[in-house]
């Protein structure tokens, strides 16, 4: 039986980003004090909303994390796990991003192992 690839680990981040942006927009409308939406649409606050949303989208595309696919088996790997540093040989003690520095020796990982097929690949 074929194993299904893992779902993308960044769904929660994308959902949270959309939810927080929507809630901020609604709070902005409520706190603006306009009695009708037509009054609010004519206000300078509403005109500043366009640049705010464009700025938020740019930040989203800059800071989003990309899923890692194994080059051997093409399955999506988790980007956060308790990895072992090849330099000092110590585990991190908690789930950390593979791109982070080691907590103990401050070295950055250059390779990792696939959880599915066990092959080593470069990051």
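The values are calculated or read from the model by the stated rules, or taken from the named source; none is laboratory data. Quantities reported herein were computed from a predicted structural model and do not represent experimental measurements. Ideal geometry is used to build each Cβ from the backbone, glycine not excepted, and the neighbour counts take in all protein chains shown.
In the range 10-44, which residues are surrounded by 11 or more Cβ atoms within 10 Å (Cβ to Cβ), under 29 Å from the mean Cα position of the chain (by Cα) and at pLDDT below 65?
Those that are surrounded by 11 or more Cβ atoms within 10 Å (Cβ to Cβ), under 29 Å from the mean Cα position of the chain (by Cα) and at pLDDT below 65: 10, 13, 14.
The rows are residues; the columns are (1) more than 30 Å from residue 21 (Cα to Cα); (2) touching a residue at least 24 places away in the same chain (Cβ under 8 Å); (3) surrounded by 14 or more Cβ atoms within 10 Å (Cβ to Cβ).
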position: 51; (1), (2), (3): no, no, no
position: 68; (1), (2), (3): no, yes, yes
position: 78; (1), (2), (3): no, yes, no
position: 82; (1), (2), (3): yes, no, no
position: 89; (1), (2), (3): yes, no, no
position: 96; (1), (2), (3): no, no, yes
position: 115; (1), (2), (3): yes, yes, no
